[in-house]
Amino acid sequence: MTLTIPRKNYVDLFGPTTGDRIRLADTDLIIEIEKDLIQYGDESVFGGGKSIRDGLGQAS
């Protein structure tokens, strides 16, 4: 079974992904994410009582 979430919710949880444009800090530079190397389902989430899958994300 596949869970589909709205793009806005995905970005809020995991950050920008392919095709998203973001502004760099205090500059007027805009970049576009060309390629996302993370496969869906393998995203790392830290803090706020969230968990991370074993073997992914931060090393302990």
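Every number here is computed from the coordinates shown, using simple stated rules; none is lab data. Being a predicted model, the structure only gives us computed values, none of them experimental. Don't worry about glycine lacking a Cβ; one is built from the backbone with ideal geometry, like all the others, and counts go over all protein chains shown.
Structure notes:
- Asp28 paired with Val11, simple spin-label distance in nm, labels 7 Å along Cα-to-beta-carbon: 2.2
- Burial ranking of peptide ranges 15-24, 31-40, 1-10 (average Cβ count within 10 Å, highest at the top): 15-24, 31-40, 1-10
- In sequence order, segment 21-34 has phi-based couplings of 10, 9, 8, 7, 6, 8, 9, 9, 7, 10, 10, 10, 6, 8 Hz under the Karplus curve 6.51 cos²θ - 1.76 cosθ + 1.60, θ = phi - 60°, and Gly or Pro positions carry x.
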